[in-house]
Every structure is written in structure tokens, then in C-alpha cells.
Amino acid sequence: MRRKRRPVFVLHDHRKPQPHFDLRLEEDGVLKSWAVPKGMPPDSRSDRLAVAVADHDLGHATYTDATKSIADSGWWELEDRNEKRFVFVLHGRAGPRRYALIDTGSDWLLHLTKAQP
């Protein structure tokens, strides 16, 4: 029996043009990507702006350079999705964390959910 491969995620710490993080989730053969200017939310009361950016190829999941390092990586799982939001769990180095990305119509909000796995 063959085990299904889990989709990857990577959180890049990007220092240029301005310091920010890039959240990348593997879906449909590419890395769906959001720039998160103020970093991942530290708690459920602190939503963060997440600006959708162009998809990246899967090779970018391990990419680093002088201005971009990997802050976290692992695999992710989708828990719920509708037209305006999706809830997912990142399984990274520090353990699982549940987030929601909420479409505001112009950008996205990244929310750390109160209920954690």
C-alpha cells in the first residue's frame, strides 16, 4: 500500500525589499503564496495582513539566498474551505498550529485560531 504524499509548506523570512515573511502552501502542483508583512500572528487576537502574490514552483520550497531564509517548513492539511476562507494546520518544526486565511475582497487576513490541535 502506497502512502499519500503530504503537501509541503514553507515560511520564508524575506529581508528585501522590506522585511516580511512569505507563507507558501503547496496546492495543485505549485506553491500558493502570501506576503505577510508583520509575520505570523502570535495569538488569536492578532490577525495579520496577508497579501496574495504570484504562485511559485515547488522547487522554491527549499530556496534560500542572501536575503531569504527558511523560518519554518513541513507539511500542511486543509480542515475547511469555503469561498471566503480556509482553515488549515501547519505541521512545522515547533508542532502543529491551526490558522485561517480570510478573503477580505482586496487582501487576506491571516488568523491563528483559538482552538489548536
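The values are calculated or read from the model by the stated rules, or taken from the named source; none is laboratory data. This is a predicted model, so every value here is computed, not measured. Heads up, the Cβs are rebuilt from the backbone with ideal geometry, glycines too, and the neighbour counts pull from every protein chain shown.
Can you name every residue in region 101-117 that is out of contact with any Phe, Trp or Tyr (no Cβ under 7 Å at 6 or more places or on another chain) and either surrounded by 15 or more Cβ atoms within 10 Å (Cβ to Cβ) or over 23 Å from residue 5 (Cα atoms) (or both)? Passing the criteria: 103, 104, 105, 106, 107, 109, 114, 115, 116.
Residue 32 meets each of the listed conditions (1) surrounded by 11 or more Cβ atoms within 10 Å (Cβ to Cβ); (2) at pLDDT below 95; (3) not β-branched (Val, Ile, Thr) apart from (2). For region 77-89, the condition holds for no residue, the condition being that it is without any contact (Cβ under 8 Å) to a residue 40 or more places away in the chain, exposed (fewer than 15 other Cβ atoms within 10 Å of the Cβ), under 18 Å from residue 42 (Cβ atoms) and charged (D, E, K, R). Scanning region 50-86 for residues that are of a type in the set (Val, Ile, Thr) and in contact with a Ser or Thr (Cβ under 7 Å, 6 or more places away or on another chain), we see that the one that is nearest to residue 30 (Cα to Cα) is 53. Might you check whether a residue that is under 24 Å from residue 117 (Cα atoms), assigned to a strand (DSSP E or B) and either out of contact with any helix residue (DSSP H, G or I) (no Cβ under 6 Å at 6 or more places or on another chain) or not aliphatic (A, V, I, L, M) (or both) occurs anywhere in region 14-21? Looking for residues that are under 24 Å from residue 117 (Cα atoms), assigned to a strand (DSSP E or B) and either out of contact with any helix residue (DSSP H, G or I) (no Cβ under 6 Å at 6 or more places or on another chain) or not aliphatic (A, V, I, L, M) (or both), one finds at least one in region 14-21, hence yes. Can you say whether residue 68 is surrounded by 10 or more Cβ atoms within 10 Å (Cβ to Cβ) and not polar (S, T, N, Q), as far as the supplied structure shows? Yes; evaluated as a whole, the condition is true for this residue. Suppose we filter region 42-76 for residues that are of a type in the set (S, T, N, Q) and part of a strand (DSSP E or B); how many remain? Adding up the residues that qualify gives 2. If only residues of region 77-102 that are closer than 19 Å to residue 53 by Cα and part of a loop (DSSP other than H, G, I, E, B) are counted, the one that is modelled with the highest pLDDT is 84.
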